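Below: one structure, written as structure tokens.
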There are 2 protein chains.
Amino acid sequence: MNLKELSQTLGLSQTTVSRALNGYPEVNGATRERVERAARQFGYRPNVRAKGLATGRALAIGHVIPIGTKPELVNPIFGDFIAGAGETYSRYGYEMILSIIDGRNEEAVYRGLKSRRAVDGVIIHGPRISEPRISLLQEIGLPFAVHGRTGHFDKPFTWLDVNNQEAFREATNYLVDLGHRRIGLVNGPEKLDFAYRRRVGYLEVLNRHDIPVDPALMHSDPMTEDAGYAASRAMLALPDPPTALLCASLVSALGARRAVEECGLFMARDVSIITHDDALSYLQNGGDTPIFTATRSSVRDAGRRLAEMLLEAIAHPEAPPQTEVLKAELVIGQSTGPAPRKD
Amino acid sequence: MNLKELSQTLGLSQTTVSRALNGYPEVNGATRERVERAARQFGYRPNVRAKGLATGRALAIGHVIPIGTKPELVNPIFGDFIAGAGETYSRYGYEMILSIIDGRNEEAVYRGLKSRRAVDGVIIHGPRISEPRISLLQEIGLPFAVHGRTGHFDKPFTWLDVNNQEAFREATNYLVDLGHRRIGLVNGPEKLDFAYRRRVGYLEVLNRHDIPVDPALMHSDPMTEDAGYAASRAMLALPDPPTALLCASLVSALGARRAVEECGLFMARDVSIITHDDALSYLQNGGDTPIFTATRSSVRDAGRRLAEMLLEAIAHPEAPPQTEVLKAELVIGQSTGPAPRKD
DNA sequence: AGCAACAGTCAAAGCGCTTTGGAAAGTGAT
DNA sequence: ATCACTTTCCAAAGCGCTTTGACTGTTGCT
């Protein structure tokens, strides 16, 4: 059933039916009622392509995910993020289109999305410190919103981020207050902005307390269980091993815990662990009581919110870009304790 | 730049330009060359909506993901699957559209995709044993392909599955051969077809060896770390605890390992663990040598392949539906060993 | 009664593409 | 020179929607 058929059935023009269904004011209340009932009865839904062609809008938002050999843009986080964003999209009648690409021709993909009019905007995931995508999108004029933030650009843009720096400052502080002086950092890839910021937060606290910075205690790797394990293992094998580990994600922390236990040590008693926890739906930090002490911020909420911000920006192109910072909260779990006394 | 402008620039009709770019034979070689060069030069890409409207095809495949309160359709697996499928789509010029829905109105969503002509087909994830989506899609005539398989339907359909039953038979056998008699099953939700099949495989081996089936040794829960931990913990607390655990996923197995270690036991020596491993990119089963003995099958390969099968089915609607079974391979890791002697 | 204003409706144009049904030009055989 | 094809190109229709501009009655006001 298309618009033409529906309007013929009703004995009305396409114009009137279209207006009735799209909530335009110049339609009689009774007529609108009748049209809506008929549409429901016949299961009429406007053809999304025809609508897009006529309006010039795509009613779709793109997410471009480069998949290299290394899983840098961590998969599970992405899953939760789009779950959140998807909720927003369906609430606003938008569609989410996903492009999985092999990483090399990223620029071509964005240009393609723009010139084919495939989407009204895109969300940028995992911004690096130096982020070529932003200037590219500004140049070609494709609306976008960034999950995370990044260095200085001439033109402002829409973004949403967690207060990574502050969160890791707080976490490091918590450890220092517990008496820890040797604190290992199991960070994510530091060319990603959020990882960089976390290290800055960590270093700030060390400096403030005159704790020497030891490069051997700072690892930066993909946030996998395996890498978390390897980094922790390496640090625990040092002559002067850390008594606390600061991890970038729950997955890394699982690896860290494995390393700790494999060394015959006990978490919390011998080695404290704090991790950032993205509150992923399938990988939770324990049930009622958190296992790991963690800086927690729901990435799903972030998705929900950033999608709203992008739709907002598309609807009001003239408005100045919005930015928002989500505060991660420090939750105390069973993975931290006072630094063991040296003897 | 649109087709009209491009054709004017070239002094050709839209027809010829369109044909030249779409590889139709009735265009002079030289002309085609000229058109292609100009298209490249001006960055012309056909408007995807106009094209879809004109051809009646959407050039898009839908993935509908219900997100309830419980993460049943496990997130991380899904991530890898669509990464694989996405590779196929971009190779064939298709787009992937993702619908995140709240689970209650699934039927309405599929009907909507069909009537709005939003997609040319859909992929069905996580089929349950009794699967209403299949008859629905057959009824409304929306092409689909199923990741996994399920009970008997009058009309055949396209699916791709892992040989779950056989894989778990093999895994159980391996444990029995190692002398284990008390084998716990940390299964996924058994209303999902694959989990059901795995249990069948497990039970077959117990029966063949006259090992008594103990309901207390069979758990069926969402495949989270937490649930894996809880199930294992419960079984290890039994008066006659299992000496081996068979897990549904690597995430569950991480939980199982935590339970084992928390009981002061050693994996492999006291309790053997075998898990199914979906070869997820971000959560690998160890580096070079596998940590867990596992039945392994790449879910990303599955995505790649099933997407091909669906596109094939769409291109040839008259052909009989194809089905395919991927064989999971048993890889021996460090998590299994001979059953401890009772004394 | 006469006129402006307005509510309610419609026909038709247009979005950017594909595809149908020719037409013009070229080719070789008669 | 004529005919029968081919080859190469084109004008125009059509995909299903939105939106412009115009057309009817009604109503309200003088």
Could you please state, rounded to a whole Å, how far the C-alpha centre of the stretch B:212-267 is from the C-alpha centre of the stretch A:1-57? 57 Å
Could you pull out every one of the lysines with an alpha carbon less than 17 Å from that of B:LYS4, ignoring same-chain neighbours closer than 8 positions? B:LYS51
For peptide A:212-224, what's the mean number of Cβ atoms from other chains within 10 Å of each residue's Cβ? 1
Of A:LEU250, A:LEU12, how do they rank once you tally other Cβ atoms within 10 Å and put the fewest first? A:LEU12, A:LEU250
Can you pull the mean other chain C-beta count within 10 Å for peptide A:49-59? 5
Student exercise, the protein assembly as shown dipole from Lys, Arg, Asp, Glu Cβ charges, in Debye to nearest 20: 2020 debye
Residues of type aspartates and glutamates that B:LYS191 reaches as a straight line, Cα spacing below 14 Å, ignoring anything fewer than 8 places off in the same chain: B:GLU72, B:GLU131, B:ASP221
Global geometry of the stretch B:210-268, whether rounded, prolate or oblate, following the gyration tensor of its Cα atoms and the 1.5 cut on a/c: oblate
Farthest toward positive dipole pole in the protein assembly as shown [+1 Lys/Arg, -1 Asp/Glu at C-beta], among A:PHE292, A:GLY11, B:SER272: A:GLY11
Label position 7 Å from Cα toward Cβ: report the copy-to-copy distances for B:LEU238 in nm, one decimal, ordered from shortest. 4.5
Could you please rank A:ILE65, B:ILE61, placing first whichever residue has the fewest other Cβ atoms within 10 Å of its Cβ? A:ILE65, B:ILE61
Which of A:PRO222, A:PRO241, A:PRO320 fluctuates most in a GNM of chain A (C-alpha springs under 10 Å)? That residue is A:PRO320
In terms of modelled amide H atoms, which long-range or inter-chain residues lie less than 5 Å from the amide H of A:VAL271? A:PHE266
Once you have a ≥ b ≥ c as the square roots of the Cα gyration tensor eigenvalues for the stretch A:164-297, tell me rounded if a/c is under 1.5, and otherwise prolate or oblate according to whether a/b is larger than b/c. rounded
So for each of B:185-198, A:277-290 I average, over its residues, the number of other beta carbons within 10 Å; can you give me the resulting order with the highest mean first? B:185-198, A:277-290
Within 10 Å of each Cβ in peptide A:87-93, how many partner chain Cβ atoms are there on average? Round it to a whole number, please. 2
In Å, descending, principal axis extents of the Cα set of the protein assembly as shown: 85, 67, 60
Ordered shortest first, which distances in nm separate the 7 Å Cα→C-beta label point of B:GLU106 from those of the other copies? 3.6
Ordering A:94-100, A:79-85 by per-residue average of other C-beta atoms within 10 angstrom, highest first, gives A:79-85, A:94-100
Go through A:LEU203, A:SER252, A:GLY184 and say which Cα lies farthest out towards the positive end of the charge dipole of the stretch A:164-297; charges sit on Cβ, +1 for Lys and Arg, -1 for Asp and Glu. A:LEU203
Amide H of B:ILE101: which non-local residues (sequence gap of 5 or more, or other chain) have their own amide H closer than 5 Å, using H built in the peptide plane? B:ILE65, B:ILE67
Phi-based couplings in Hz for the stretch A:222-239 (Karplus 6.51, -1.76, 1.60; Gly and Pro marked x): x, 8, 10, 4, 4, 5, x, 5, 4, 4, 5, 4, 4, 5, 5, 8, 5, x
Percent antiparallel among DSSP beta bridges confined to the protein assembly as shown, rounded to 5, stands at 15 percent
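Mind putting a number on the dipole of chain A about its Cα centre? Charges go on the C-beta only, +1 for Lys and Arg and -1 for Asp and Glu, and I need it in Debye to the nearest 20. Kindly include the intermediate steps, with their values, before the conclusion.
Working: 40 positive and 41 negative charges, 229 e Å.
Approximately 1100 debye in magnitude.
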Can you pull the Kirkwood radius for chain A, inverse mean 1/r over Cα pairs, to one decimal in Å? 22.5 Å
Rounded to the nearest 500, what is the protein assembly as shown's calculated 222 nm mean residue ellipticity when only DSSP H runs of at least 4 contribute -39500 (n - 2.57) each, over all residues? -13500 deg cm²/dmol
Of the residues B:THR336, B:LEU53, B:ILE129, the Cα lying farthest along the dipole of chain B towards its positive end, which is defined by charges on the beta carbon of Lys, Arg, Asp and Glu, belongs to B:LEU53
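Every number in this text was worked out from the coordinates using simple rules, so none of it is lab data. Keep in mind it's a predicted model, so treat the numbers as computed, not measured. We place every Cβ from the backbone using ideal geometry, glycine too, and count neighbours over all the protein chains shown.
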